[in-house]
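Undergrad: Encoded as structure tokens, here's the structure I'll be asking about.
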Amino acid sequence: MGTHVEVVRVFTDATGHFGNELGIARAADVAVADRQALAARAGYSETVIVDDPVDGVAGVQIFTPAVELPFAGHPSVGTAWWFAARGVPVRTLDVPAGAVAVELTDGLTWITARGEWAPTFTFHRLDDVEELAAARASDFPDGAHYLWTWVDEHRGTLRARMFAPTLGVAEDEATGAAAVALTAQLRQSLIITQGQGSQLFTQWDSDGWVRLGGRVAAAEPVRV
């Protein structure tokens, strides 16, 4: 019958469209040795395996179709929202990189992380949105590449795309870890539109922590 996997779309726009799909499976349903294979079968850019929370802290493993990650943004935001939507109080996600603080406010789900927790991305600042739109996954046969261009630098708005064949992801619709890392590099809060129209929000803090937020919507569960 397969494993039951809940699905949410993370970083939707204000109307609930777009967003990056995330698979969520309970740890009790998936043997440790089978978790990477489950993520490969599911085929989402990330699938998480979650433990039941204890005293407001939930353990989370994050898998792309190819590798396990110590931290990723859209899985952290999506998992935090998923617990809240079920009335389960969670204040911290325990991921391999560290403790990820969780906050829900004004319709957005926020997590707090550090830029150095992100996978290694090559950042490419492009001249304009036309150059960004012209990029193709075939241009990036290996590595993990985040392409971005300012829309309004003063307001901190930009457009972005991400290609990561090394992670088993040809093109990612919304990449929270890259948004965190870029915010840390620029030392500036950002409003990011990525992919087809997903929206990510970041807030820079001078102590090196970055808040990452966005909207999340439920999708149909699957069996994998």
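The values are calculated or read from the model by the stated rules, or taken from the named source; none is laboratory data. For clarity, every value in this text was computed on a predicted model and none was experimentally measured. Counting neighbours? That spans all protein chains shown, and the Cβs are built from the backbone with ideal geometry, glycine included. Ligands, DNA and RNA are excluded from the accessible area calculation, which covers all protein heavy atoms including side chains. Shrake-Rupley method; radii C 1.70, N 1.55, O 1.52, S 1.80 Å.
Undergrad: Any idea of the accessible area per residue across the chain, 1.4 Å probe, to the nearest Å²?
TA: On a per-residue basis, the chain sits at 44 Å².
Undergrad: Still on this structure: Could you rank E130, E171 by how accessible they are, 1.4 Å probe, largest area first?
TA: E130, E171
Undergrad: Taking R0 as 41 Å, what FRET efficiency do you get between T122 and M1 from their Cβ-Cβ distance, rounded to the nearest 0.05?
TA: Numbers: r = 41 Å, r/R0 = 1.01.
Between T122 and M1 the formula returns 0.50.
Undergrad: Using only protein heavy atoms and a 1.4 Å probe, report how much of D128 is accessible, in Å² to the nearest 10.
TA: Approximately 60 Å² of D128 is accessible to the 1.4 Å probe.
Undergrad: Compute the FRET efficiency between D13 and D52 as 1/(1 + (r/R0)^6), taking r as their Cβ-Cβ distance and R0 = 35 Å, and round to the nearest 0.05.
TA: My answer for the efficiency is 0.65.
Undergrad: A follow-up question, please. With springs only between Cα atoms under 10 Å apart, run a GNM on the chain and tell me which of E173, E153, E116 wobbles the most.
TA: Result: E153 has the largest fluctuation of those listed.
Undergrad: Taking a cut-off of 27 Å, what percent of all Cα-Cα pairs in the chain are separated by more than that?
TA: The answer is 26 percent, as a whole percent.
Undergrad: Can I ask one more? In whole Å, how far is the Cα centre of segment 176-224 from that of segment 55-129?
TA: 9 Å
Undergrad: In addition: If each of R26 and T157 carries a label point 7 Å out from its Cα toward its Cβ, how far apart are those two points in nm?
TA: Label at R26, label at T157, 4.3 nm between them.
Undergrad: Once the other residues with Cβ under 12 Å from the Cβ of L22 are scored (Lys, Arg +1; Asp, Glu -1), what is the net sum?
TA: -4
Undergrad: Ok, one more. Summing Lys, Arg as +1 and Asp, Glu as -1, what charge do residues with Cβ under 11 Å from the Cβ of V57 carry, V57 excluded?
TA: Counting the neighbours of V57, the net charge comes to -3.
Undergrad: At a 1.4 Å probe, what is the % contribution of carbon and sulfur to the accessible area of segment 1-140?
TA: 50 percent
Undergrad: How many times 2.2 N^0.38 Å is the alpha carbon radius of gyration of segment 1-90?
TA: Relative to the rule-of-thumb radius for its length, segment 1-90 sits at 1.04.
Undergrad: Around A37, what is the net charge, scoring Lys/Arg as +1 and Asp/Glu as -1 over all other residues with Cβ under 14 Å from its Cβ?
TA: -1
Undergrad: Next question. Rounded to the nearest 20 Debye, what is the dipole magnitude of segment 1-141 about its Cα centre when Lys and Arg each give +1 and Asp and Glu each give -1 at the C-beta?
TA: It works out to roughly 320 debye.
Undergrad: Which of T157, T193, T15 moves most in a GNM of the chain, Cα contacts under 10 Å?
TA: Looking only at T157, T193, T15, the biggest GNM fluctuation is shown by T15.
Undergrad: To the nearest 10 square angstrom, what accessible area does H17 show with a 1.4 Å probe?
TA: 110 Å²
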